[in-house]
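Worksheet: one structure, shown below.
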Amino acid sequence: MSSSSLYRRLYGIFTENQKVTIKLKTDKPKTTFLKSTKLTPKLTEKQELQTIINNFKKSSESPQFRRHNSNYQTAIRRLDNNSSAIEDILEHQKQYPEINNELFVSRLILLYGQAKMYEHARKLFDEMPNLKCQRTVYAFNALLEACVRAEKYDTVRELFQELPEELSIERDVVSYNTLIKALCKAGSLDSAVSVMEEMENQGIKPDKVTFNTLLNAYHDCKKFSEAEDLWVVMQKKNIVADLWSYNIRLRGLVANNQVNKAIELFEEMGKKDIIPNALSYNTMIKMFVDDRNLEEAKRWYEKMVENERYPDNATFGMLIHFACDKRVVDDMAEHSKLEDAKELVDLAKSYKRFRYVEDEIGSKIEILCVFYALQEWFMIISMQLKTKENK
């Protein structure tokens with residue numbers, strides 16, 4: 001590839017004036033507590049925390065606000081695992097009429113799980129009859145999932161075995177899938193496979209989620225042969241693979257350095273009307289980045305853009321790091337391309353950030369690039385280039 005071609009291709013990534021605009025889908029309502037919790041630097045940490053709590057409680061007076069779980073998830077993240085504050089805002093919800101609704105209570109149970117507060121999730125589950133809220137397999141599954149999120153994997157198995165009989169609840173496919181996920185996260189793959197066999201014996205058919213969970217676990221453990229065997233079983237049972245299935249398998253092939261098979265699988269997705277997403281393209285780009293093949297990495301990036309799959313932070317992070325790697329620049333310098341190498345370094349130094357636009361709420365979220373983490377690299381590269389030029 002010519003030096004001028006390399007320069008042109010990299011310019012689109014590194015130039016400071018280029019903005020990558022991504023339209024993000026969001027279910028956020030107009031009523032939100034985010035703007036009202038803009039904090040002044042003069043507040044102490046305790047005052048800031050109380051401001052978030054107070055503003056959330058005020059916002060939750062709106063039925064529209066309470067309908068959107070994203071508002072609650074954002075609050076949990078902002079409270080940064082402060083268990084007393086999280087308990088405060090979630091207990092506050094009991095005064096609203098939705099507390100009689102199993103869906104609403106199950107959401108609160110899951111939020112406790114997100115905050116890794118399993119004991120509170122279990123307490124709320126046990127309180128449901130007193131709150132005049134029915135307790136079916138839906139709430140049971142929410143409790144299991146809260147356990148998984150809280151990383152209480154052994155407790156999931158205990159609940160799965162004991163609660164259904166105690167409460168006259170019949171387990172469904174979601175119940176089994178959640179147990180399988182817990183076992184996979186605990187590293188008990190053999191037990192997870194046994195649960196899939198058990199569910200079939202109980203007349204419950206494994207679905208895509210069942211197989212995807214097991215496929216993902218096999219790949220995480222680098223058990224690629226077992227993953228391929230499971231893929232065959234999946235096809236024999238007429239379980240139609242979805243995008244998640246293909247992305248998991250694609251990642252496994254790349255991790256196992258099976259380049260040709262990865263390309264074939266990617267092409268197969270198109271033939272089966274499965275549209276690759278950013279993760280699919282990033283997996284392919286990573287394969288060639290790891291192989292030190294800048295030309296192919298860039299080709300897949302261009303293919304990604306041509307097919308209107310928006311690059312994300314992971315995409316740019318890989319390409320920028322690779323393109324600015326001292327070995328790439330050194331290779332250009334070794335071939336008497338010092339001017340192009342210096343232009344590349346200068347472009348990288350001028351790059352500052354990517355910009356995302358969230359149209360629905362009209363706010364701009366600026367995400368700092370990996371540029372800052374690579375400053376030391378650029379300094380080293382510049383020094384090496386200067387030394388080579390002086391020679």
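The values are calculated or read from the model by the stated rules, or taken from the named source; none is laboratory data. What you see is a predicted model; the values in this text were computed from it and never measured. When we count neighbours, we look across all protein chains shown, and the Cβ atoms used for this are built from the backbone with ideal geometry, even at glycine. Accessible surface areas use protein heavy atoms only, side chains included; no ligands, DNA or RNA. Shrake-Rupley method; radii C 1.70, N 1.55, O 1.52, S 1.80 Å.
List of remarks:
- Being modelled with pLDDT of 95 or more, open to solvent by less than 70 Å² (accessible area, probe 1.4 Å) and either in a helix (DSSP H, G or I) or among the β-branched types (Val, Ile, Thr) (or both) holds for only one residue in GLU91, GLU119, and it is GLU91.
- Taken as a whole, the structure leaves GLU145 outside the set of residues that are charged (D, E, K, R), open to solvent by 10 Å² or more (accessible area, probe 1.4 Å), on the phi > 0 side of the Ramachandran plot and under 25 Å from the mean Cα position of the chain (by Cα).
- Test: residue in segment 101-112 that is over 23 Å from ARG77 (Cα atoms) and not acidic (Asp, Glu): yes
- Number of residues in segment 67-88 that are within 17 Å of LYS123 (Cβ to Cβ), loosely packed, with under 15 Cβ neighbours inside 10 Å and among the acidic types (Asp, Glu) equals 0.
- Residues of segment 47-72 that are more than 16 Å from LEU108 (Cα to Cα) and among the hydroxyl-bearing types (Ser, Thr, Tyr): THR51, SER59, SER62.
- Within the set GLU197, GLU166, the sole residue that is open to solvent by 50 Å² or more (accessible area, probe 1.4 Å), among the acidic types (Asp, Glu) and outside the structural domain of ASN256 (by the TED database) turns out to be GLU166.
- Residues in segment 238-272 that are surrounded by 13 or more Cβ atoms within 10 Å (Cβ to Cβ) and closer than 19 Å to GLU197 by Cβ: ILE239 only.
- Selected residue [open to solvent by 70 Å² or more (accessible area, probe 1.4 Å), under 24 Å from ASN257 (Cα atoms) and more than 20 Å from the chain's Cα centre (by Cα)] from ASP190, ASP220, ASP154, ASP229: ASP229
- Single condition GLN114 does not satisfy, out of (1) touching a residue at least 24 places away in the same chain (Cβ under 8 Å); (2) surrounded by fewer than 18 Cβ atoms within 10 Å (Cβ to Cβ): (2)
- Reported count of residues in segment 122-141, each being within 23 Å of ALA85 (Cβ to Cβ) and either of a type in the set (D, E, K, R) or in a helix (DSSP H, G or I) (or both), is 6.
- Residues located in segment 235-260, provided they are more than 16 Å from ALA278 (Cβ to Cβ) and outside any loop (DSSP other than H, G, I, E, B): GLN235, LYS236, SER245, ARG249, GLY252, LEU253, ALA255, VAL259, ASN260
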